[in-house]
Amino acid sequence: MQILIMNPNSTVSMTDKIVASARQVASNGTTIIAATGQDAPASIQGHHDEAMSVPGLLARLKQAEKEGLDGVVVACFDDPGIGACREVFTGPVLGICEAAVKAASMIATSFSVVTTLPRSVPVIEHLIHGYGLSHQCRRVRSAEIPVLALEEEGSGAKEKVRDEILKAVREDRCEAVVLGCAGMADLTEWLTKETGVPVIDGVTVATRMIEALIGCGLKTSKIGAYATPI
C-alpha cells in the first residue's frame, strides 16, 4: 500500500523528521510518500496559519487521488482541513490529533496533551471536544516553545516538553500523555524513558491506523458530509 504523509507547513526539515518516524513503524510492503506544504507558513501556530496551509494541502491530496494512493496522514496536530481533505480523497484520511487522542483513550482512562505555544491550547481543546473525548482529557498544556524551536539544536525545547509531561503526571494525575505537535515525533521514545508514562505521538499512531483501515478495505464514505465537492 502507498500512504502519503503530508506536512502542511513549508519546513522541509520537519517533513523529514515526521516521515522518518512514520517509516520506522510502517509495515513491510507499505510505501511512505513524503509531502511538504507549498505556499504555506513555516509553522502552523494558530487559526490564520492553519487556514493559509489548507490550499496547498488540498492541492497535494487532489494529486494523490489522481495517483491512486491508498491513504493520507495529515501531520499537523491542528488537524487542518480534515473535512475538506476527506471530500477530495477516496481513501481514508487521518489527522494526527484524532489518531493520537483516540489511541490514548484505548490505553488509559485519562490523558493530558502537551503542545507548543499557549495559543494552540484552545484549538486542541475544541478538537478533543469534537472527537468526544473531553471526559478523558485532563488538560491541554503548553510547554511555551515555538514550533520551530523543536528544529533548533541547543534550544532546550525537548527538556521543556519533558518537564511539562512530568508536571502533567503530577498535577493532572493523567495516565498517558499525547504530544501535541508533529515536530515532537522523534522525541517519543526518549520522553517515554525520561518520564515513565506512555507518551503518544500522532504521526506513528496515524500511520498504523491508516494501514489498518486500508487493510480492512475501508474508504471514505461519499454519501453525505464527505461527498465529492459540488
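The values are calculated or read from the model by the stated rules, or taken from the named source; none is laboratory data. It should be emphasised that the depicted structure is a prediction, and the values quoted were computed from it without experimental measurement. So basically every Cβ, Gly included, is an ideal-geometry build from the backbone, and we count neighbours across all protein chains shown.
The figures follow:
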{"quantity": "Flag for Thr192 being farther than 22 Å from Asp79 by Cβ and among the β-branched types (Val, Ile, Thr)", "calculated": "yes"}
{"quantity": "Some residue of segment 160-174 being buried (at least 18 other Cβ atoms within 10 Å of the Cβ) and part of a loop (DSSP other than H, G, I, E, B)", "calculated": "yes"}
{"quantity": "Flag for Thr220 being assigned to a loop (DSSP other than H, G, I, E, B) and closer than 26 Å to Thr15 by Cβ", "calculated": "yes"}
{"quantity": "Single residue of Gly132, Gly156 found to be outside the structural domain of Asn9 (by TED's automatic domain parsing), modelled with pLDDT under 95, out of contact with any Lys or Arg (no Cβ under 8 Å at 6 or more places or on another chain) and on the phi > 0 side of the Ramachandran plot", "calculated": "Gly156"}
{"quantity": "From the options Val169, Val140, Val114, Val123, residue that is at pLDDT 95 or above and in contact with a Lys or Arg (Cβ under 9 Å, 6 or more places away or on another chain)", "calculated": "Val114"}
{"quantity": "Matching residues, segment 127-149, being touching a Leu at 6+ places or on another chain (Cβ under 8 Å) and either surrounded by fewer than 18 Cβ atoms within 10 Å (Cβ to Cβ) or not in a strand (DSSP E or B) (or both)", "calculated": "Glu144, Ile145, Pro146, Val147"}
{"quantity": "Pairs, first in contact (Cβ under 8 Å) with a residue 60 or more places away in the chain in segment 106-117, second surrounded by 24 or more Cβ atoms within 10 Å (Cβ to Cβ) and not hydrophobic (A, V, I, L, M, F, W, C), C-beta under 8 Å, six or more apart", "calculated": "Val113/Gly180; Val114/Gly180; Thr115/Gly180; Thr116/Gly180; Thr116/Gly183"}
{"quantity": "Criterion violated by His48 - all others in (1) surrounded by 13 or more Cβ atoms within 10 Å (Cβ to Cβ); (2) within 18 Å of Phe77 (Cβ to Cβ); (3) not aromatic (Phe, Trp, Tyr) satisfied", "calculated": "(1)"}
{"quantity": "Residue within segment 78-96 that is under 17 Å from the mean Cα position of the chain (by Cα), over 14 Å from Val178 (Cβ atoms) and charged (D, E, K, R) present", "calculated": "yes"}
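Conditions tested, residue by residue: (1) under 13 Å from the mean Cα position of the chain (by Cα); (2) surrounded by fewer than 20 Cβ atoms within 10 Å (Cβ to Cβ).
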position: Gly71; (1), (2): no, no
position: Ala103; (1), (2): yes, no
position: Ser112; (1), (2): no, no
position: Leu117; (1), (2): no, yes
